[in-house]
1. Is there any pair with a first residue in segment 13-28 that is in a helix (DSSP H, G or I) and a second that is surrounded by fewer than 17 Cβ atoms within 10 Å (Cβ to Cβ) whose Cβ atoms are under 7 Å apart and which are 6 or more apart or on different chains, and what are they?
2. Show the residue pairs that are 6+ apart or on different chains and have beta-carbon atoms under 7 Å apart, the first residue being within segment 45-68 and within 19 Å of Arg12 (Cβ to Cβ), the second being modelled with pLDDT of 85 or more and not in a helix (DSSP H, G or I).
3. Go over the candidates Gly30, Gly20 one by one and state the one that is modelled with pLDDT of 90 or more, surrounded by 13 or more Cβ atoms within 10 Å (Cβ to Cβ) and either in contact with a strand residue (DSSP E or B) (Cβ under 6 Å, 6 or more places away or on another chain) or at negative phi (or both).
4. Could you tell me which of the residues Glu67, Glu62, Glu39, Glu45 is assigned to a helix (DSSP H, G or I), charged (D, E, K, R) and modelled with pLDDT of 90 or more?
5. Going through segment 1-43 one residue at a time, which ones are more than 14 Å from Arg54 (Cα to Cα) and among the polar types (S, T, N, Q)?
6. Suppose the filter is acidic (Asp, Glu) and not in a loop (DSSP other than H, G, I, E, B); does Glu31 pass it?
Amino acid sequence: MPKLHRSFALGRASYQRWLGTEPDEMAAAGEVLRRFAPEHSCLLELEVRLCRARQIKGLLAEIRHPERMEESDEDWRRL
């Protein structure tokens, strides 16, 4: 069964790396993959995509509701 879990973790991370748009889902996929394959090459690409997804979500939130954004909100400003 652990081999099956590892395959699912890799599949989910690969999906999120290429098509993911929700930062929470991408972060969760990365955490699970780290548990099963901490040295996997997919992790770096997933982290880059996660940062970009957070930036995009932050920019969209600011455009929609600029009054809700705070100057100290670093979550959406990360590179």
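1. Gln16/Glu25; Arg17/Glu45; Pro23/Lys57
2. Here the result reads Arg49/Gly20; Ala53/Gly20; Ala53/Thr21, each pair linking segment 45-68 to a residue that is modelled with pLDDT of 85 or more and not in a helix (DSSP H, G or I).
3. None of the others qualify; the one that does is Gly30.
4. Values: Glu67 fails: modelled with pLDDT of 90 or more; Glu62 fails: modelled with pLDDT of 90 or more; Glu39 fails: assigned to a helix (DSSP H, G or I).
None of the others qualify; the one that does is Glu45.
5. Ser7, Ser14, Ser41
6. Details: acidic (Asp, Glu): yes; not in a loop (DSSP other than H, G, I, E, B): yes.
Considered against the rule, which asks whether it is acidic (Asp, Glu) and not in a loop (DSSP other than H, G, I, E, B), Glu31 comes out as yes.
The values are calculated or read from the model by the stated rules, or taken from the named source; none is laboratory data. Fair warning: this is a prediction, and the values are worked out from it, not measured in the lab. Positions of Cβ are backbone-derived with ideal geometry, glycine not excepted, and every protein chain shown enters the neighbour counts.
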